[in-house]
Amino acid sequence: MLDLKLVMPRLMIHGLYALIVFLLFLAASHLHSVIHISLLFVSFLLITWVYQYMLTRSRKKNKLNKDWLEHQQLRLTVRMAEQQNMRDMIHVFAEMFHKMLDIEGVIVIWIDDKHRYSQEGTGIFASIQNIDNQALNIEVLRQKYDLAQVWELSGEPTTETIGFLGIGHKENRTLFSAEEQDIIDKGRLEAIRMLVNGRLLSDLQKRYEYRVDQTALHEHQIRRHRQFNDIMMEAQQAERMKTSYFLHDQLLQNLIFLSRDLEELHDTGETHKDQTAVWLECLYASQRDIRQLCDDLYPHIMDRSDLEEALQWLIRTLQMQSGIRMELNYNALSEELKHEPLKSTVFRTIRELIMNVMKHAQASFCSIQVHTRDTDLILQVEDDGLGFNVHTTFDTATGHFGLISIQSSIQHLGGEFTIHSSLGKGTSINIRLPLTKGATEQ
């Protein structure tokens, strides 16, 4: 069944490709126009490329699934071998114990790490089926199986019950001699030692598997951290280049233009009203550019106003730039929002999320909600745009540096970052940030 699940997607891709190609050839047989046939040929090439791309993705996914399946099979095999080894050891012990005493049989019951009972018996107890997973005690076992003696086995350093050992009556129904009782006591201690060692072996195996999983997770996190650092360095370099080109192509060019005209004015001493108007327009444009650059780097309204006023200013500004209708619902009362770094983080996060909506979503409406709930600050930015595939958002190859940077900042402050989106159905991004001082009662 698992192999069928691995193969079925590729079979569906092959079948769909064959059906589409058949339909294309069928359509081509009824066409006589060279243009139409050429269009069909281009469609065939495009479909073939998509087919090869889907096959490549399917192979990669199948490889990951097979690796995971092989790992799980290996773990299951080791676990089953461990259980069988435990059962074989107990069977040998029970057989030897039975032969040393003239009794009807021996039964050993042990409890695994999932609190399930397993048993191994000899003589009249060899045919006992699996014991129900119910609470057992000495009296229940003695009455149920007519045992001569039964002990509850527990190992040190804890007194947790790890099993039971029971022996049947002697064949002649006589009492055990002192020598036989000594053998029984030694056998009971050996049974305890064996079950304790088995439990320790199982615990060691689990710890090993846990450490292997943790090592793999740690290596994955290291790779992601290195990839994130590479992306961040590239983004920082791109931001420096953007600022440099902005200064060179706009501000510097305006200054060069003004300095040239002012040199001419200095030499001639003559000027005209139209020329003065051009100078003023150049200065006004430079002022707007400098103000825009300052707002992008660090909006000074953050120092002069509280967070709600800063967000209202931000939304008014971005709404005028984009034409997207935006709505702010602010209901957050907390003293922490008046101080750094939380205030700046919230402002930059919402600005980045709205900028993503403006650049990529093709939305007509964007809702921004900021409110407190218990001791948490809740942020939500929702749009009615194109949406996207959430599963590929944080793939470093796609370059979603903004979202990755936001997620990193939120996690650094101990918060949670979740995205709900699907193609054609908009996007909703939800953020929870803990308020160490708590929210003010409203």
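The values are calculated or read from the model by the stated rules, or taken from the named source; none is laboratory data. Model, not experiment: these values are computed from the prediction. A quick note on method: Cβ atoms are made from the backbone with ideal geometry, for glycine too, and the neighbour counts reach across all protein chains shown. Ligands, DNA and RNA are excluded from the accessible area calculation, which covers all protein heavy atoms including side chains. Shrake-Rupley method; radii C 1.70, N 1.55, O 1.52, S 1.80 Å.
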Problem - Computed E for D306/K273 - FRET, C-beta separation, R0 35 angstrom, nearest 0.05 - result: 0.15
Fill in the blank from the handout: Measure of exposure for E340: accessible area at 1.4 Å probe, Å² rounded to 10, is 100 Å²
Exercise for the section: Hey, can you find the accessible area per residue of the stretch 313-359 for me, probe 1.4 Å, expressed in square angstrom? Expected result: 52 Å²
Practice task
Sort V357, V92 by accessible area with a 1.4 Å probe, largest first.
Solution key: V92, V357
Practice task
Express the carbon and sulfur contribution to the solvent-accessible surface of the chain as a percent, rounded to the nearest whole number, probe 1.4 angstrom.
Solution key: 57 percent
Completion exercise
Judged on accessible area alone, 1.4 Å probe, highest first, T317, T427, T215 line up as T215, T317, T427
Problem - Among I256, A285, L153 the positive-end extreme of the charge dipole of the chain (Cβ point charges) - result: L153
Problem - Debye, to nearest 20: dipole size of the chain, +1 on Lys, Arg Cβ, -1 on Asp, Glu Cβ - result: 1360 debye
Problem - Listed residues H30, H360, H371, most fluctuating in the chain (Gaussian network, C-alpha, under 10 Å) - result: H30
Problem - Environment charge at K273 (Cβ cut-off 15 Å; Lys +1, Arg +1, Asp -1, Glu -1) - result: -4
Fill in the blank from the handout: The answer for the stretch 193-295, accessible area per residue at 1.4 Å probe in Å², is 78 Å²
Fill in the blank from the handout: Descending accessible area (1.4 Å probe), largest on the left, turns I37, I368 into I37, I368
Completion exercise
The answer for the stretch 87-189, accessible area per residue at 1.4 Å probe in Å², is 57 Å²
Handout entry: Rounded accessible area of V390 (nearest 10 Å², 1.4 Å probe)
Key = 40 Å²
Problem - Per-selection metrics, the chain (Cα): Rg and Dmax in Å - result: 37.9, 137
